[in-house]
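The values are calculated or read from the model by the stated rules, or taken from the named source; none is laboratory data. This structure is a prediction, so every number in the text was calculated from the model and none was measured. As a convention, Cβ positions derive from the backbone with ideal geometry for all residues, glycine included, and neighbour counts pool all protein chains shown.
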Amino acid sequence: MQFGVKNPKDLVGLTINDLKFRQPEWGARYANMIEKLDFRARTTKSHVLGRHQFLDDNGDAQLEEMVKFPVLGSRQNILGIVTYRHDLTPTLPPGNLYQLYRKFYDVTNAIRRVLISLGIDQCFSVLPTDAQFRVLLLKTERLSNKEIAKLIGISDRTVECHLDALRQKVIDGNLPRVLSLVKWNTLCADDSIPF
């Protein structure tokens, strides 16, 4: 169940503003973005593409890509609009996923939710700080300490200090194991296997 609708057939005849969002403020912004996309599809009588960030009913941040296709009648009148929606969230690198959650949550809650999303929340006895977490996320992308230091504008030594602090916060101190558990790395490895 999403947006207060149990059966997709119940959506017939509704507009985006008829839906009930658990996150009313973000729901209103999301509905506004969808209305603008619909309006552009109607006025241009051509497909339009939009990307939207929103919170779902569970409070999980999502990035979606939506394409609206107007269905035109024989007199070029619009009979309806077909919508194709694709959730891009699983394709985001961990650092971008964290940035997405930071648009909706404070640092602590964003870190907590990203740890859950990556499947490593149970590995930590204490939550990492923002700086430590950013270093961890860049490590999951297999960057070297020098690359991380250059990317976020800190010294190599500071990167190593953050990694030492992370090892102290990992339940068994085995940071490489935590990095290997990140779902994103598994998905990337699976994508490289030819079928």
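Below, the figures for the structure above:
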| item | result |
| --- | --- |
| Some residue of the stretch 37-51 being surrounded by 14 or more Cβ atoms within 10 Å (Cβ to Cβ) and in a strand (DSSP E or B) | yes |
| Selection status of Leu14, in contact (Cβ under 8 Å) with a residue 12 or more places away in the chain, of a type in the set (A, V, I, L, M) and touching a strand residue (DSSP E or B) at 6+ places or on another chain (Cβ under 9 Å) | no |
| Residue identified as modelled with pLDDT of 90 or more, within 25 Å of Val114 (Cα to Cα) and surrounded by 17 or more Cβ atoms within 10 Å (Cβ to Cβ) among Pro94, Pro70 | Pro94 |
| The lone exception for Asn58 - which of (1) within 30 Å of Val178 (Cβ to Cβ); (2) not acidic (Asp, Glu); (3) not in a loop (DSSP other than H, G, I, E, B) it fails | (3) |
| Residue in the stretch 150-172 that is over 21 Å from Asp60 (Cβ atoms), buried (at least 17 other Cβ atoms within 10 Å of the Cβ), free of Cβ contacts under 8 Å to residues at least 12 places away in the same chain and outside the structural domain of Gly13 (by TED's automatic domain parsing) present | no |
